[in-house]
Amino acid sequence: MKSKRTKAMEISMKTKQAVWNRQQGKSIITNTPISINECCCHFIPRSRGGLGIEENIVGMTEDEHRIFDNHLLGSHIEESRIYKEKARQHLMAHYPGWKEENLIYKKYGKN
């Protein structure tokens, strides 16, 4: 049985569809067409409790996603920073009042 935390960080197909629609089926990085299943990039990573909600998910190609996540490993650092900022600006433009702290799983309190 999955924990509440694990469930909260999973990305449902409904969320992927909403993200794909929001991005008009294109990557936020290069405007390249992407599939619904590529709408799976957590802005706040799962490792930091990032929720699987629209406000925390962006879509990008596999290669872009790998670079986006590599800031955690120390490679592609500058490229990753640029991608992260593009993602931040995209999310802020689509969700008034968007705040990073609202994207993290909280054991106690509202999520």
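The values are calculated or read from the model by the stated rules, or taken from the named source; none is laboratory data. Note that this is a predicted model, so its numbers are computed, not measured. For neighbour counting, all protein chains shown are included, and Cβ atoms are generated from backbone atoms with ideal geometry for every residue, glycine included. In case anyone asks, the SASA skips ligands and DNA or RNA and just uses the protein heavy atoms, side chains included. Shrake-Rupley method; radii C 1.70, N 1.55, O 1.52, S 1.80 Å.
The residues of the stretch 92-106 that are closer than 20 Å to Ile11 by Cα and either surrounded by 15 or more Cβ atoms within 10 Å (Cβ to Cβ) or modelled with pLDDT of 95 or more (or both), listed by number, are Met92, His94, Tyr95, Trp98, Lys99, Glu100, Glu101, Asn102, Leu103, Ile104, Tyr105. Of everything listed in (1) modelled with pLDDT of 95 or more; (2) within 16 Å of Ser80 (Cα to Cα); (3) open to solvent by 10 Å² or more (accessible area, probe 1.4 Å), the single unmet condition for Asp63 is (1). Examine the stretch 35-52 for a residue that is touching a Ser or Thr at 6+ places or on another chain (Cβ under 9 Å), of a type in the set (A, V, I, L, M) and not in a helix (DSSP H, G or I), and state whether such a residue exists. Looking through the stretch 35-52, none of the residues is touching a Ser or Thr at 6+ places or on another chain (Cβ under 9 Å), of a type in the set (A, V, I, L, M) and not in a helix (DSSP H, G or I).
Taking only the stretch 1-19 into account, find how many residues are open to solvent by 80 Å² or more (accessible area, probe 1.4 Å) and among the hydrophobic types (A, V, I, L, M, F, W, C). Here the count works out to 2.
Within the stretch 24-35, the residues that satisfy the criterion of being without any contact (Cβ under 8 Å) to a residue 40 or more places away in the chain and either open to solvent by less than 40 Å² (accessible area, probe 1.4 Å) or in contact with an Asp or Glu (Cβ under 9 Å, 6 or more places away or on another chain) (or both) are Gly25, Ser27, Thr30, Thr32, Ile34. Any residue at all in the stretch 36-56 that is within 20 Å of Ser80 (Cα to Cα) and loosely packed, with under 15 Cβ neighbours inside 10 Å? Yes, some residue in the stretch 36-56 is within 20 Å of Ser80 (Cα to Cα) and loosely packed, with under 15 Cβ neighbours inside 10 Å.
Quick check on my filter: what residues within the stretch 36-56 are out of contact with any helix residue (DSSP H, G or I) (no Cβ under 8 Å at 6 or more places or on another chain) and either closer than 19 Å to Lys99 by Cβ or at pLDDT 95 or above (or both)? If the condition is that a residue be out of contact with any helix residue (DSSP H, G or I) (no Cβ under 8 Å at 6 or more places or on another chain) and either closer than 19 Å to Lys99 by Cβ or at pLDDT 95 or above (or both), then Arg48 is the only one that fits. The single condition from (1) within 13 Å of the chain's Cα centre (by Cα); (2) in a helix (DSSP H, G or I) that Met60 fails is (2).
The conditions of being surrounded by fewer than 19 Cβ atoms within 10 Å (Cβ to Cβ) and either part of a loop (DSSP other than H, G, I, E, B) or basic (Lys, Arg) (or both) are not met by Gln89.
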